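**Q** Submitted below is the structure of interest, expressed as structure tokens.
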Amino acid sequence: MRGVQRTVAIFECFSPQRPSLTLQEIANSIGLAKSTTFRIVQSLERMGYLIRLEDQKYCLSFRFTRLAGSVMSTLSIRQVARPTMLELARQTNETVTLNMMSGRDRICIEVIDTPSPLMSMARQGQSVALTGKGATGKMLMAHVAPKAMERIVAQATKIPEKRAEMMTELARVRKAGYCVSHGERVLGLSAIAAPIWESDGSAPYCISITAPTVRLKPRIDEFVKTLVKSSRDISRRLGSDVEMPAMRSEVAKPSKATRDARAPRRARSLVHS
């Protein structure tokens, strides 16, 4: 088992920022003697997983491209995320959704429903325009390219002051690593969202917990921590090594729209936020 761990450690030394490394750099990275590292590297070179370049540096071979292709053809984001979503739904007893952007809309691509009769009505395939309201939409908007973000914000509001406020809010969401909303889209419904990162450093998906405000608010600290942990787990499964924001000791303050919202007294089912 130790040999496997050392081999994996060598593979993980390489990155887009460090595509090729000397033997000494590899040894320093994994904390082994140069002689021990050389034996492992030599074996990996013979097996075709490492290539020695003319400058005596090493890089990963194209075998990894073939292996990555096999993974991508076998696994979809839903397959990767669903086990974690099921566990999150079990822990919270609330609705859990997986979402992505499509143009200027967000689409729900997987749902784990709560067993509670008072629930959010989230449906797989449901499409909602991005308006800068609701935790799920904000989280997706916060991780698009700057130009795309500007276009979406411009579509959401024509008022310059509102655009500036929305851009500031999205920057805050991205920095925090999670987003909370209360009644921004639907009165009485709250949501918490966290990004899901891919191996290329992008975050095209997010995972969310949605629940009636009366149930979510008392457990908000617990839910944020559990959700962020789940998003990190899915991101790791997708091969991401992005350093995610550290959790702060208290939940970030919701937006003004969230603070102004008031929950209705009665509801049987609520539209997905």
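Bear in mind that the values in this text are calculations on the coordinates, not laboratory data. Predicted model, so just to flag it, every value in this text is computed and none were measured. Neighbour counts are summed over all protein chains in view; Cβ atoms, including those assigned to glycine, are modelled from backbone coordinates with ideal geometry.
**Q** For the peptides 101-113, 132-144, 221-233, 152-164, what is the packing order when you average, over each peptide's residues, the other Cβ atoms within 10 Å and list the highest mean first?
**A** Output ranking for 101-113, 132-144, 221-233, 152-164: 132-144, 221-233, 101-113, 152-164.
**Q** Taking the Cα atoms of the range 1-139, report the difference between the largest and smallest coordinate on each principal axis, in whole Å and largest first.
**A** 63, 34, 26
**Q** From the Cα gyration tensor of the range 2-71, with a ≥ b ≥ c the square roots of its eigenvalues, which class applies: rounded if a/c is under 1.5, or else prolate if a/b is larger than b/c, or else oblate?
**A** Because a/c hits 1.5 or more and a/b exceeds b/c, the range 2-71 counts as prolate.
**Q** Here is a follow-up. What lysines does residue 138 reach when the alpha-carbon gap must be under 28 Å and sequence neighbours fewer than 8 apart in one chain are set aside?
**A** 147, 158, 162, 175, 217, 225, 229, 253, 256
**Q** If the reach is capped at under 12 angstrom between alpha carbons, list the aspartates and glutamates near residue 34, excluding any in the same chain fewer than eight residues apart.
**A** Within reach: 25.
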